[in-house]
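The values are calculated or read from the model by the stated rules, or taken from the named source; none is laboratory data. Being a predicted model, the structure only gives us computed values, none of them experimental. When we count neighbours, we look across all protein chains shown, and the Cβ atoms used for this are built from the backbone with ideal geometry, even at glycine.
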Amino acid sequence: MTRATLILLALTAGLGQCQYGCEFSFKSREAHAAEANLIDLRETICERWETRGESSPDEAVGDSGELGRCQVTPASARLAGWEGKNSDLLGPGSRKANREAALLILQRCWIVKGARTARSVARCYNGTGRRADRYAKSVLVIYAEYRREEAWKLAKQLTAER
């Protein structure tokens with residue numbers, strides 16, 4: 001395969017790839033792609049959008065009671081099935097719990113609420129109304145940039161292995 005072919009494959013096939021070593025299961029290809037997309041969306045929300053500019057993102061508290069790096073409200077996390085304590089979402093050492101709760105919320109948006117696009121899932125994550133629409137548009141710009149960066153990393157990795 002030529003280098004150009006490898007890059008093209010990385011840019012197309014790599015976009016929906018499962019990042020965390022998916023093994024064979026009864027999940028459909030679409031379910032694996034959705035899982036990977038939700039993980040990418042969580043990365044965008046938690047690492048690039050919600051607490052941008054904060055000196056201590058794990059200790060950030062939002063105007064509406066959102067906690068931590070992913071700005072999760074405890075009520076939304078519980079509704080999505082998260083069972084931890086509120087204090088688990090805030091402060092040093094809260095990153096893992098905050099990210100787990102955020103992914104549960106995104107999965108709930110996908111499964112229960114029927115959000116099927118990155119924009120509709122991001123909107124659902126934020127709430128409803130015009131504010132959520134603006135939020136989703138802003139997150140999508142960064143999400144597209146993140147996906148391009150990940151595809152280029154994969155392309156570089158594939159060409160380096162040759």
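Remarks
- Any hit, the range 86-105, residues being more than 26 Å from E59 (Cβ to Cβ), of a type outside the set (G, A, S), in contact with a helix residue (DSSP H, G or I) (Cβ under 6 Å, 6 or more places away or on another chain) and part of a helix (DSSP H, G or I): no
- Complete set of residues in the range 135-144 that are without any contact (Cβ under 8 Å) to a residue 12 or more places away in the chain and touching a helix residue (DSSP H, G or I) at 6+ places or on another chain (Cβ under 9 Å): A144
- Odd one out for V139 among (1) among the hydrophobic types (A, V, I, L, M, F, W, C); (2) surrounded by fewer than 19 Cβ atoms within 10 Å (Cβ to Cβ); (3) at pLDDT 90 or above: (2)
Residues are listed down the side, and each one gets a yes or a no for (1) within 16 Å of I39 (Cα to Cα); (2) surrounded by fewer than 21 Cβ atoms within 10 Å (Cβ to Cβ); (3) in contact with a strand residue (DSSP E or B) (Cβ under 8 Å, 6 or more places away or on another chain); (4) among the aliphatic types (A, V, I, L, M):
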residue	(1), (2), (3), (4)
R95	yes, yes, no, no
A102	yes, no, yes, yes
R148	yes, yes, no, no
A160	no, yes, no, yes
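- Residues of the range 62-77 that are exposed (fewer than 15 other Cβ atoms within 10 Å of the Cβ) and part of a helix (DSSP H, G or I): A75 alone.
- A31 being of a type in the set (A, V, I, L, M), within 17 Å of the chain's Cα centre (by Cα), at pLDDT below 75 and not in a loop (DSSP other than H, G, I, E, B): yes
- Odd one out for I39, checked against (1) among the hydrophobic types (A, V, I, L, M, F, W, C); (2) modelled with pLDDT under 85; (3) surrounded by fewer than 19 Cβ atoms within 10 Å (Cβ to Cβ); (4) within 16 Å of Y146 (Cβ to Cβ): (2)
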